[in-house]
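The values are calculated or read from the model by the stated rules, or taken from the named source; none is laboratory data. Every value quoted in this text rests on a predicted model; they were computed, and no experiment measured them. So basically every Cβ, Gly included, is an ideal-geometry build from the backbone, and we count neighbours across all protein chains shown. These area figures cover heavy atoms from the full protein model, side chains too; ligands, DNA and RNA do not enter into them. Shrake-Rupley method; radii C 1.70, N 1.55, O 1.52, S 1.80 Å.
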Amino acid sequence: MDQEKVIVIDFGGQYNQLVARRVRECNVYCEIFSYRTPLQEIAAMKPNGIILTGGPNSCYEEEAPTYQKELFELGIPVLGLCYGAQLMSFLLGGRVERAPVREYGKTKVQIDGTSPLFSGVPKTTVCWMSHFDYISKAAPGFSVTAHTADCPVAAAEDVKRQLYAVQFHPEVLHTQEGTKILCNFVRGICGCAGNWRMDYFVEQSIREIRKKVGNGRVLCALSGGVDSSVAAVMLSKAIGSQLTCVFVDHGLLRKNEGDEVEAVFGPQGNYELNFIRVNAQERFYVKLAGVKEPERKRKIIGEEFIRVFEEEAQKIGSVDFLVQGTIYPDVVESGLGGESAGIKSHHNVGGLPDCVDFKEIIEPLRSLFKDEVRKVGLELGIPEYLVFRQPFPGPGLGVRIVGDVTAEKVRIVQDADAVFREEIACAGLEQTIGQYFAALTDMRSVGVMGDERTYDYAVALRAVNTVDFMTAEAAEIPFGVLQKVMGRIINEVGGVNRVFYDLTSKPPGTIEFE
């Protein structure tokens, strides 16, 4: 999109997606690119600013990720974070070496003097550190602007060349003034006006969709989830009757969800959409039979979705475009948005087959994080109960069943999940938990029920709180509620004799199980 932007150059650190998210909180558009992206391409994008991320390497090692020194001669403000700060200092003549004392976690930082980067930041603040190496000597032309008890160069700057370096991670919520520091950079130093707003995004996206589609026909992959629902309504406003929404019930939905989706978007629903429901449960079960490896499951589900859409398009006749509700975390976690390792193939990104029988795939939400998608939904007039409904992955219960997928396992996890959701609602916790669901583990164990031996499955309950779905913490559910959920699942759901509660944060885990 033709607008002011900041580019994040990714050196493989674990928090790199958060950098882009925090910049967007400053109402400035931001994208992630690998450090392998040529300098000419970076310059051609004409960014307002550049941020160098953290990374797991030592910048002075021969095989370490690096960049051309000419990056710092473009006249574009550059901010280095952790590894990015060390690399900047190293390339420009400073000294980086193994620190005598490693810093990790919340660290008290002392601000030295005045700096535009630290405008409005208290002289003593708490930042999140995570480093083995440190800048032992700032590069020529740089002045030290912050230090800690063990790190002499916690921040440095060359104001004349608009180069800034911080050893800590302002993108992490544990850094008390992190968002303010990033806003000082993108809004103050880079001069961004902060015009990245969802009303602007909606208006421009609708104009671009009309221009791209012209008189063509469009098929929208509608799952009923937040992302695909927002995409469908946006396309409907852009091109009206040229759009047909196809809802594929792949047999991996939550209990009764197929009927609920049809009630909202079908002929009796609130939206004037050309709506087609395809019941393809058995077709997907056959394709997934015996498949345990999660990446294979995702790719099988992704390809079968596309094949169903192609068949429906042939029935409609002359469909040019396929619309998907892909969002930015899908792209990043599929390994397509920078240098970070691919975490998992999302069914509509890394799970797509090589050959697709459509002229083009339209992904109007591809640049947005989840909370931005919700804001777009509200801008489009979608009711809050739909915009803020529980997220659900495109591969559905296929990635909430560890191991192979069968109709019986789907029945178990559907029933267990329905119990969990009912009890969360009864306890009045719906608005306090970001996402919650039941999953089926691949573990079976011995139990005793009715004085008889059982050998059944274990269900895992997952509940997390998150802002952007890039990081998450386990939600604190009252023990009494968990006990009630456990009792109901074991008594009401056949094939289950154990219930676990998953306390894992993201990272190191993901929100979904596979």
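The phi torsions of the range 438-452, fed into the Karplus equation with coefficients 6.51, -1.76 and 1.60 and a -60° offset, translate into couplings of 10, 10, 10, 6, 8, 9, 10, 9, 7, x, 10, 9, x, 6, 10 Hz, rounded to whole numbers, with Gly and Pro shown as x.
Grab the Cα-Cα distance for ALA427 and LYS106, subtract it from 0.36 nm times how many residues apart they are, and report the gain in nm with one decimal. Intermediate results must be reported in sequence, preceding the final value.
Details: separation 321, 0.36 × 321 = 115.56 nm, distance 3.45 nm.
Computed gain between ALA427 and LYS106 is 112.1 nm.
Here the accessible area of the chain is 48 percent carbon and sulfur, with a 1.4 angstrom probe and all protein chains present.
Here the simple spin-label model places points 7 Å from the Cα toward Cβ, and for LYS237 and GLN68 these points are separated by 4.1 nm. The structure-derived value of log10 I(q)/I(0) by the Debye sum over Cα atoms at q = 0.06, 0.09, 0.10, 0.12 Å⁻¹ appears in the list (i) -0.35, -0.69, -0.80, -1.01; (ii) -0.33, -0.72, -0.86, -1.14; (iii) -0.38, -0.87, -1.05, -1.37 under the label (ii).
Simple spin-label model, 7 Å along Cα-to-Cβ: GLU310 to ARG411 in nm? Roughly 3.4 nm, to one decimal. State the Cα centre-to-centre distance between the range 149-184 and the range 266-296 in whole Å. Measuring centre to centre over Cα atoms gives 47 Å. Its relative contact order, with pairs defined as Cα atoms under 8 Å and 6+ residues apart, puts the range 217-260 at 46 percent.
In square angstrom, what is the accessible area per residue of the chain with a 1.4 angstrom probe?
Details: 21240 Å² over 514 residues.
Computed with neighbouring chains in place, this is 41 Å² per residue.
Between helix 198-213 and the chain there is an angle of about 70 degrees, using the helix long axis and the longest principal axis of the Cα atoms.
Using a cutoff of 8 angstrom between alpha carbon atoms and counting only pairs six or more residues apart, the relative contact order for the range 184-322 works out to 25 percent. When peptides 192-205, 122-135, 71-84, 161-174 are ranked by their average number of other Cβ atoms within 10 Å per residue, the highest-first order is 161-174, 71-84, 122-135, 192-205. Net charge in the neighbourhood of ASN27 (other residues with Cβ under 13 Å of its Cβ; Lys, Arg +1, Asp, Glu -1) is +3. Straight-distance candidates among the aspartates and glutamates for linking to LYS5, with alpha-carbon spacing under 12 Å and chain neighbours fewer than 8 residues away dropped: GLU31.
Note on the chain: with charges restricted to the Cβ of Lys and Arg (+1) and Asp and Glu (-1), its dipole about the Cα centre is near 680 debye.
Count charges around PRO122 for me, please; just the other residues with Cβ under 12 Å from its Cβ, Lys/Arg as +1, Asp/Glu as -1. With Lys, Arg at +1 and Asp, Glu at -1, the net is +2.
For the chain, the residue among GLY141, PHE388, VAL419 whose Cα projects farthest onto the positive side of the dipole built from Cβ charges is GLY141.
Ranked by the mean number of other Cβ atoms within 10 Å of their residues, highest first, the peptides 47-59, 281-293, 408-420 fall in the order 47-59, 408-420, 281-293.
Of LYS315/LYS370; LYS237/LYS299; LYS375/LYS409; LYS106/LYS180; LYS211/LYS299, which ones are farther than 26 Å apart at the Cα? Working shown, then result.
Numbers: LYS315/LYS370 33 Å; LYS237/LYS299 31 Å; LYS375/LYS409 35 Å; LYS106/LYS180 17 Å; LYS211/LYS299 32 Å.
Pairs exceeding 26 Å: LYS315/LYS370; LYS237/LYS299; LYS375/LYS409; LYS211/LYS299.
Output the 0 to 90 degree angle, nearest 10, between the alpha-carbon long axis of helix 479-492 and the longest principal axis computed from the alpha carbons of the chain. Long axis of 479-492 versus the principal axis of the chain: about 30 degrees. Taking each residue as 0.36 nm, the span from LYS359 to VAL291 lengthens on full extension beyond its C-alpha to C-alpha distance by 21.4 nm. Entry note, the range 1-160: relative contact order of 18 percent, from Cα contacts under 8 Å with a spacing of 6+ residues.
Distance between the C-alpha centres of the range 92-111 and the range 476-507: 43 Å, rounded to the whole angstrom. Multiplying the residue separation of THR114 and GLU208 by 0.36 nm and removing their Cα-Cα distance gives an extension gain of 29.4 nm.
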